[in-house]
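What follows is a short report on a single structure.
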Amino acid sequence: MLTVHHLNESRSTRVLWLLHELDMPYDLVKHQRNPKTRLAPDSLKQVHPLGKAPVMVDGDLVLCESGAIMEYLLDKAEDSSLRPDAGTPEYYQYQEWLHFAEGSLALPVIASLMMKMEQRTGDKPMDGYIAKEANVDFSYIDATLAKQSYFAGNDFTAADIMMTVMLEIADKVGLLTARGNIKAYLEKVQARAAYQAARSYG
């Protein structure tokens, strides 16, 4: 039986969402952020040295990083519909967006979140750089969703799970203003039963 260590209000929701999409059984261990510092509790460090979520345990394997865990789960799953067949154009689109979520997109989104928490006025050199990067990324995303239903084409895949959670953070910090295609996309994927099941854990 797989065990997933989940931190409330974190990107570990991705793993739970995928497990529900795959209808794969798992044990859940919940960890709660410190309400004052918003940091992860020490209990996660007892599971993995980084002290971050998600962490998946399967026998002797202890794995962190949501993208790596999701690929592992897809390898184990009997249902391969959430990952396009290798070698197809859709597969490489899937790979691009799977990595884009924590590569290109994470920096401007998380930096914007931190700057909002600091109540920055936007007059520092880094503020301009982050704003430029966010505009480039979200213009690319919006244009992609204008021509296809999902990130890897017209079928929902695990790349959509990776991207959605980052897009939700972006929406919370006001980065999706006037991005109609992204907003419509979020409403669509958030209506999925597996998404709602995963979000019920906080």
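Tell me yes or no: at least one residue of segment 166-176 is of a type in the set (D, E, K, R), under 20 Å from Met70 (Cβ atoms), open to solvent by 10 Å² or more (accessible area, probe 1.4 Å) and free of Cβ contacts under 8 Å to residues at least 24 places away in the same chain. The answer is yes, given that some residue of segment 166-176 is of a type in the set (D, E, K, R), under 20 Å from Met70 (Cβ atoms), open to solvent by 10 Å² or more (accessible area, probe 1.4 Å) and free of Cβ contacts under 8 Å to residues at least 24 places away in the same chain. For the subset of segment 47-86 comprising residues that are among the acidic types (Asp, Glu) and either assigned to a loop (DSSP other than H, G, I, E, B) or open to solvent by 60 Å² or more (accessible area, probe 1.4 Å) (or both), which member is nearest to Phe100 (Cα to Cα)? Restricting to residues being among the acidic types (Asp, Glu) and either assigned to a loop (DSSP other than H, G, I, E, B) or open to solvent by 60 Å² or more (accessible area, probe 1.4 Å) (or both), the top hit is Glu65. Picking from residues in segment 110-137 that are modelled with pLDDT under 95 and touching a Leu at 6+ places or on another chain (Cβ under 7 Å), the one that is surrounded by the fewest Cβ atoms within 10 Å (Cβ to Cβ) is Glu133. Quick one: count up the residues across segment 138-162 that are more than 27 Å from Asp79 (Cα to Cα), within 18 Å of the chain's Cα centre (by Cα) and either among the charged types (D, E, K, R) or open to solvent by 30 Å² or more (accessible area, probe 1.4 Å) (or both). Counting residues in segment 138-162 that are more than 27 Å from Asp79 (Cα to Cα), within 18 Å of the chain's Cα centre (by Cα) and either among the charged types (D, E, K, R) or open to solvent by 30 Å² or more (accessible area, probe 1.4 Å) (or both) gives 2. Scanning segment 12-46 for residues that are open to solvent by less than 80 Å² (accessible area, probe 1.4 Å), assigned to a loop (DSSP other than H, G, I, E, B) and either at pLDDT 95 or above or under 22 Å from Leu74 (Cβ atoms) (or both) gives Ser12, Met24.
The values are calculated or read from the model by the stated rules, or taken from the named source; none is laboratory data. What you see is a predicted model; the values in this text were computed from it and never measured. All Cβ positions, even for glycine, are placed from backbone atoms using ideal geometry, and neighbour counts span all protein chains on display. With ligands, DNA and RNA removed, areas are computed over all heavy atoms of the protein, side chains included. Shrake-Rupley method; radii C 1.70, N 1.55, O 1.52, S 1.80 Å.
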